[in-house]
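Following: one structure in structure tokens, then a few remarks.
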Amino acid sequence: MGSAAHIREAGAKPRLTLLLAAPRGFCAGVDRAIRIVELALQKFGPPIYVRHEIVHNRFVVERLERMGAVFIDELDQAPAEARVIFSAHGVPKSVPAEAQRRNLYYLDATCPLVSKVHVEAGRHFNAGREIVLIGHAGHPEVEGTIGQLPSGAVSLIETVADVETFTPRDPAKLAYITQTTLSVDDTAEIVSALRRRFPLISGPHKEDICYATTNRQEAVKAIAPRADVVFVIGAPNSSNSMRLVEVAKRAGARDARLIQRAADIDWSIFHADETVGLTAGASAPEVLMEEVIGAFRERYDIALDEVVVTQENVEFNVPRALM
């Protein structure tokens with residue numbers, strides 16, 4: 001029998017270490033988009049129509065719905081002369097054009113860092129370059145970026161294999177841009193393959209993957225090697241959240257899983273004295289992180305260890321009409 005020092009009191013909670021990645025959760029673009037909806041509701045009153053989820057998080061969307069936001073798939077679902085907001089992911093140019101045609105009052109909540117990619121795409125197009133967009137097919141940010149230019153001006157590349165089969169019209173007049181929420185490491189491999197095949201390819205002046213995506217991936221890399229499992233709080237349709245799961249696995253976590261909130265945790269996988277990593281995608285509010293920590297606290301004697309890789313102090317202004 002072990003000594004008294006090693007015998008836990010009857011009913012005592014087992015121990016668990018929670019490693020909290022920082023930065024995590026809301027980025028400046030998400031915070032701005034949500035504030036735009038909140039301020040529009042305050043200024044104009046409900047209903048305010050929002051084209052697509054303002055950010056990819058059901059908790060956020062449902063809270064805004066309770067305040068009077070109405071989420072729609074396309075503008076034709078909004079009545080004439082309604083007030084409409086475009087989501088943080090950006091929209092094709094055809095969307096504001098349709099809003100003007102239908103006399104809809106609209107506010108654009110596109111993240112400024114996504115708008116930066118749109119500007120780059122236009123600059124390359126005007127310089128006569130064919131454009132490669134590194135991104136995920138079907139993601140609203142990708143659809144919005146491709147929709148900035150005439151059909152056929154942008155080719156989507158998702159993998160290194162796509163690079164090998166891509167044939168440009170003129171290798172000397174080629175440029176690449178990227179989705180802002182990709183895996184930093186995966187994208188570097190694709191860019192390397194593009195530069196190997198097309199040495200004259202033009203790239204962005206400053207990397208398109210946004211600061212928040214990069215920082216959250218670096219923070220996960222810092223906690224993953226110490227974690228038995230990493231939980232990423234986020235939505236299945238959130239690109240940056242899904243990338244965090246992949247990054248955690250590659251960086252040495254024995255397991256990594258996406259959860260939307262505490263109710264999704266499979267408690268059967270834990271043992272005493274384990275270490276659990278926690279982070280949240282850029283569209284997941286801190287209240288969900290607090291909920292998950294609270295759920296662990298109910299079941300375990302937890303030690304919290306926050307691992308900070310950098311501090312963020314980025315802020316984006318809302319449109320003047322809401323100031």
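Figures for the structure shown
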| item | result |
| --- | --- |
| Flag if N240 is under 22 Å from A137 (Cβ atoms) and in a helix (DSSP H, G or I) | yes |
| In region 104-126, residue surrounded by the most Cβ atoms within 10 Å (Cβ to Cβ) [restricted to those that are without any contact (Cβ under 8 Å) to a residue 24 or more places away in the chain and of a type outside the set (D, E, K, R)] | Y106 |
| Matching option when the condition is surrounded by 16 or more Cβ atoms within 10 Å (Cβ to Cβ), part of a helix (DSSP H, G or I) and not assigned by TED's automatic domain parsing to the domain that holds V61, among A248, A284 | A248 |
| Test: residue in region 310-322 that is at pLDDT 95 or above, over 22 Å from G29 (Cα atoms) and either outside any loop (DSSP other than H, G, I, E, B) or under 21 Å from the mean Cα position of the chain (by Cα) (or both) | no |
| In region 286-305, the residues that are farther than 18 Å from C27 by Cα and either among the aliphatic types (A, V, I, L, M) or touching a strand residue (DSSP E or B) at 6+ places or on another chain (Cβ under 7 Å) (or both) | V292, I293, A295, F296, Y300, D301, I302, A303, L304, D305 |
| Meets criteria (within 18 Å of the chain's Cα centre (by Cα), not assigned by TED's automatic domain parsing to the domain that holds A272 and not hydroxyl-bearing (S, T, Y)) for Q217 | no |
| Scope region 148-185; condition among the small types (G, A, S) and under 21 Å from the mean Cα position of the chain (by Cα); matching residues | S183 |
| Condition met for A272 (outside the structural domain of A137 (by TED's automatic domain parsing), more than 21 Å from the chain's Cα centre (by Cα) and not aromatic (F, W, Y)) | yes |
| Qualifying residues in region 147-204 (those that are part of a strand (DSSP E or B) and touching a Pro at 6+ places or on another chain (Cβ under 9 Å)) - the one nearest to G135 (Cα to Cα) | T178 |
| Odd one out for R129 among (1) within 25 Å of the chain's Cα centre (by Cα); (2) under 30 Å from I209 (Cβ atoms) | (1) |
| Yes/no for G25 being out of contact with any Pro (no Cβ under 9 Å at 6 or more places or on another chain), outside any helix (DSSP H, G or I) and either modelled with pLDDT of 95 or more or not hydroxyl-bearing (S, T, Y) (or both) | no |
| Total residues in region 82-103, condition on the phi > 0 side of the Ramachandran plot and either in contact with a strand residue (DSSP E or B) (Cβ under 7 Å, 6 or more places away or on another chain) or touching a residue at least 40 places away in the same chain (Cβ under 8 Å) (or both) | 1 |
| Top-ranked residue in region 134-156 [being of a type in the set (A, V, I, L, M) and in contact with a helix residue (DSSP H, G or I) (Cβ under 6 Å, 6 or more places away or on another chain); ranked as surrounded by the most Cβ atoms within 10 Å (Cβ to Cβ)] | I134 |
| Failed item, numbered, when R15 is tested on (1) touching a Phe, Trp or Tyr at 6+ places or on another chain (Cβ under 7 Å); (2) buried (at least 21 other Cβ atoms within 10 Å of the Cβ) | (2) |
| Subset of region 215-233 [of a type in the set (G, A, S), within 24 Å of A272 (Cβ to Cβ) and in a helix (DSSP H, G or I)] | A224 |
| Test: residue in region 267-280 that is closer than 15 Å to A235 by Cβ and surrounded by 14 or more Cβ atoms within 10 Å (Cβ to Cβ) | yes |
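Every residue, every condition in (1) part of a loop (DSSP other than H, G, I, E, B); (2) within 19 Å of the chain's Cα centre (by Cα), yes or no:
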residue: V50; (1), (2): no, yes
residue: I54; (1), (2): yes, yes
residue: V60; (1), (2): no, yes
residue: E65; (1), (2): no, no
residue: D76; (1), (2): no, no
residue: E81; (1), (2): yes, no
residue: V84; (1), (2): no, no
residue: H89; (1), (2): yes, yes
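The values are calculated or read from the model by the stated rules, or taken from the named source; none is laboratory data. What you see is a predicted model; the values in this text were computed from it and never measured. Using ideal geometry, Cβ is built from the backbone for each residue, glycine included, and neighbour counts are taken over all protein chains shown.
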